[in-house]
1. Just need the relative contact order of the chain here, percent rounded to a whole number, with Cα pairs under 8 Å and 6+ apart.
2. Assigning unit charges at the beta carbon (Lys, Arg +1; Asp, Glu -1) and nothing else, what dipole magnitude in debye, to the nearest 20, does segment 15-83 show about its Cα centre?
3. May I ask for the percentage of alpha-carbon pairs in segment 34-169 that lie more than 23 Å from each other?
4. Ignoring ligands, DNA and RNA, please state the percent of accessible area on the chain from carbon and sulfur, probe 1.4 Å.
5. Taking a probe of 1.4 Å, how large is the accessible area per residue of segment 45-169, in Å²?
6. Amide H neighbours of Phe38 under 5 Å, at least 5 residues apart or on other chains, H built in the peptide plane: list them.
7. Pick from Ser151, Ser48, Ser20: which residue has the top mean-square fluctuation in a GNM of the chain where Cα pairs under 10 Å get a spring?
8. Name the aspartates and glutamates eligible as straight-distance cross-link partners of Lys127: C-alpha to C-alpha under 16 Å, and not fewer than 8 places from it in the same chain.
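The values are calculated or read from the model by the stated rules, or taken from the named source; none is laboratory data. What you see is a predicted model, and the numbers here were worked out from it, not measured in a lab. Here the Cβ is made from the backbone with ideal geometry for all residues, glycine too, and neighbour counts use every protein chain on show. Protein only, heavy atoms only, side chains kept; ligands, DNA and RNA dropped before computing areas. Shrake-Rupley method; radii C 1.70, N 1.55, O 1.52, S 1.80 Å.
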Amino acid sequence: MAANDAQRPFNVLFLCTGNSARSIIAESILRQSGQGRFNAFSAGSHPSGKVNPLALELLRANRLPLDGLRSKNWDEFAKPGAPPLDFVLTVCDNAAGEVCPVWPGQPMTAHWGVADPAGVEGTDDAKRKAFSDACHVLLARIRLFTSLPLSTLDRLSLQNKLREIGKSS
């Protein structure tokens, strides 16, 4: 692991294709629940350029942080001067299958696929339920992640734990 608990918080990047819903929601959840231990970021391989309004509505309703949330390209985190990443977690199946940039520092990676709420069609209530469902899955996984004893796990054990979390619902 690149981060030392005594030196700085762990930097976590959540990746999705559009960076408009799932990765944004995960970033906001970790910002709140990982206070002091984690810095949360999100990005997309092909960012939409805007945060989905239903994602913002959900975050606002759940009193999760909104400041600074924006849809951005994952290349921002591979450039010189970008925060050194400790974890890169994909939250959509498309981004998991894409060739990612080379991340400086060799962060731990895992796939935490979550159904895309932005792709749900139907009534506004059906769409809101899809966003709520995605939020609940991400919240549960992030709680498991933040409860890990990061300083005592070796790299292989930690990688296995990250993969197990990605399979939980």
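1. Details: 319 pairs, mean separation 41.4, N = 169.
Relative contact order for the chain comes out at 24 percent.
2. Values: 9 positive and 5 negative charges, 22 e Å.
Magnitude of the dipole: close to 100 debye.
3. Values: 3477 of 9180 pairs.
Summing the P(r) of segment 34-169 above 23 Å gives 38 percent of all pairs.
4. Numbers: 4290 of 8410 Å².
Carbon with sulfur: 51 percent of the solvent-accessible area.
5. Working: 7010 Å² over 125 residues.
That works out to 56 Å² per residue.
6. Phe10
7. Comparing Ser151, Ser48, Ser20 in a Gaussian network model of the chain, the most mobile one is Ser151.
8. Cα-Cα hits under 16 Å: Glu57, Asp116.
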